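Data first, discussion second: the structure below is written as structure tokens.
The values are calculated or read from the model by the stated rules, or taken from the named source; none is laboratory data. From a predicted model like this one, the values you see are computed outputs, not experimental measurements. Cβ sites come from the backbone with ideal geometry, for glycine too, and all protein chains shown count toward neighbours.
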Amino acid sequence: MFDSPFMSLPGITPQEFQYLQSATTGFSEQQLRGFLMIYGSKRRNPDDMILYCILAFFVPGLPRFLLNQIGMGILYFFTAGLCFIGTIIDMVNHKTLAFEYNQRMVFESLQMVKMGGMQ
């Protein structure tokens with residue numbers, strides 16, 4: 001586990017590590033490097049998400065905008081984070097929010113590697 005290239009990702013959780021391993025099973029070294037380059041630039045660090053959630057008390061909806069949940073971001077913005085209740089819930093669930101976003105980014109990155117012909 002410690003010699004895996006996935007360990008270079010900041011704040012990687014065991015759940016994300018297992019997901020990445022299963023998603024990239026059978027990849028060549030070149031495909032894995034290409035995937036990591038693309039995925040590393042798109043993913044959200046769960047540790048940073050708590051900071052974004054704290055900042056959401058001053059800029060409502062910030063975490064939702066950063067997670068490409070534009071509709072929820074607009075709703076949070078105009079309702080002050082649903083009267084700050086939604087913001088508090090986001091603070092509690094910051095790791096889940098980051099993991100769900102990162103799962104979508106894994107799928108997008110896999111598609112880009114496959115389309116790029118990195119065989």
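Note on region 20-76: residues that are among the small types (Gly, Ala, Ser), assigned to a helix (DSSP H, G or I) and farther than 16 Å from HIS94 by Cβ amount to 6.
For LEU110, the test of being modelled with pLDDT of 95 or more and either in a helix (DSSP H, G or I) or of a type in the set (Ser, Thr, Tyr) (or both) is failed. Just for region 27-64: of the residues that are polar (S, T, N, Q) and touching a residue at least 40 places away in the same chain (Cβ under 8 Å), which one is surrounded by the most Cβ atoms within 10 Å (Cβ to Cβ)? Out of the qualifying residues, it is GLN31. The criterion of being under 20 Å from PRO10 (Cα atoms) and surrounded by fewer than 17 Cβ atoms within 10 Å (Cβ to Cβ) does not hold for GLY71.
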